[in-house]
Amino acid sequence: MLSSCKHGLENASHSVRAQGRTTLGPGLSLPSQHRPVQHQCRSRGAAARLANRLTKVQTAQKEETESSTPVAQVPTTQQQQQAHQLLQQQELQGVGSKSIHEGERSGRQEYHDTLTTPIAQTSTYFFNNTQQVIDFNEGRRNSNEYGRYGNPTVKAVQEKLMALEGAEDCIVAASGMNSVTSMLLSLVPAGGHIVTTSDCYWRTRQFMQQFLPKMNIGVSVIAPDDLQALEEALERNPVTLYFSESPTNPYLRCIDIKRVCELCHAKGTIVCIDSTFSTPINSRALDFGADLVLHSATKYLAGHNDVLAGALLGKKELVNVVRKFHHIMGGVVDPHAAYLLLRGLKTLELRVLRHNASGMEIARRLSSHPKVVRVWYPGLDSHPDHDIAATQMSGFGGVVSFEVDGDLWATARFIDNLRIPYIAPSLGGVESLIEMPAVQSYWSFGPEGRAQIGIKENLVRFAIGIENVGDIWADVEQAFQYV
């Protein structure tokens, strides 16, 4: 009401105060020298009265505003940063809480009120003036410069992974293989030596055995459980780095991480563990002494078979060395892929617990099936590394490897008649995937070449998804009818 009253009075006073003109009608007026004296006096009196009333209205409006609840002010950037620091100090205890909340607030710091971290789909960042560039170069300005060096969405992923692994630093890359190769090339000098295990992802082993020797880097390959061979390799060579998966691919061998670290650190050797198959939900290699932990984030971490990404985490001084190399070589993760990874991590604990339960159930049933020769699953007592796995892992994952009672083609008939799992490489997604390593990864080796590296013709790697476990087992049983 006050507002409308004020509006009317303002219009009236404006008409009365018209500069030197008397209104005769629409578009017509007389100059001031022809204006009647009585009318001028009345106009001055009306103007005074209207001005007085307008002042009263404005005073009342001001009092009404001051008596109402004050509007909250938008916090400054400094206040937001202080609030973020307080949130960081309130450390979350549950891994599920960490996977949902860690990194999110810093990732959307510049957007204030978005619930999900936005996708910063940009290749570069601007500065308002030259001084900001100088401040950035001298470490006084916390911002980004170029997409290869950093991105707000990627930063949110890094902070979340650091919280999950208990790591000091993190690099998120375009793929797991980019993480592996960048780590090896930046940490192992020419003339250096690497020790790795015989059961290993083929592309990682291929890079080590076929490409690193061209750079005068030696490689020793030992059995996953052969600690004596490790001691001998450490004595025989100045070993720069020990690298192994745990569990390994495809036989799910588990490394005694604590003992390996004791032996390696006594010789000044860096230890890097690929924990793709375990995830930080089931095991944290850094807690057992590893210097670095690596993930193909394509698998369980992203979890939906729609992202290619990798991650390297661990001690800051080591990760920084790799980061400098990474900034030069590229291999950066796309911001949209980083967002999908961020989304997947929020349900990591829920998904991995489901994978664990289904993996154990299928492994148990397969172990007593008449058409299965052997099951490789670290959760079973029959697995050679079960005792080690039980001390290092809270769950054993969703990958089950097993040997069918038959040759390559009998095994192929079993796989070809399955209805739920897709015949495809990879693992850790919501959909079940299945493959024969002899065909999918090692076909070019031939039967003799596969036998030399321990890949059996009847071996199946079953990456169990999060479908209903009863449906999965019913499908497995009907497919065995064709063996």
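Quick notes on this structure:
- Separation in nanometres of the label points that stand 7 Å from Cα toward Cβ, at residue 121 and residue 198: 5.0
- Working from label points 7 Å from Cα in the Cα-to-Cβ sense, the residue 368 to residue 130 distance is 8.0 nm.
- Segments 404-415, 471-482 sorted - mean Cβ within 10 Å per residue, highest first: 404-415, 471-482
- With the simple spin-label model, which puts each label point 7 Å out from Cα in the Cβ direction, the residue 444 to residue 91 separation comes to 4.7 nm.
- The alpha-carbon positions of the range 384-475 define a convex hull whose volume is 122 Å³ per residue.
- For residue 389, net neighbour charge (Lys/Arg +1, Asp/Glu -1) across residues whose Cβ lies under 11 Å away: -3
- Highest average first, the peptides 368-376, 292-300 ordered by how many other beta carbon atoms sit within 10 Å of their residues are 292-300, 368-376.
- Centroid-to-centroid, using Cα positions, the range 257-304 and the range 214-231 are 17 Å apart.
- Packing-based ranking of 342-355, 190-203 yields 342-355, 190-203, ordered from highest to lowest mean Cβ neighbour count within 10 Å.
- When 377, 146, 442 are sorted by how many other C-beta atoms sit within 10 angstrom of their C-beta, beginning with the fewest, the order is 146, 442, 377.
- Total formal charge among the other residues, if their Cβ is under 10 angstrom from that of residue 254, Lys/Arg +1 and Asp/Glu -1: -4
- For the range 349-480, relative contact order (Cα pairs under 8 Å, six or more residues apart, normalised by length) works out to 27 percent.
Bear in mind that the values in this text are calculations on the coordinates, not laboratory data. Model, not experiment: these values are computed from the prediction. Methodologically, a virtual Cβ is constructed for each residue, glycine included, from the backbone with ideal geometry; neighbour enumeration extends over all protein chains shown.
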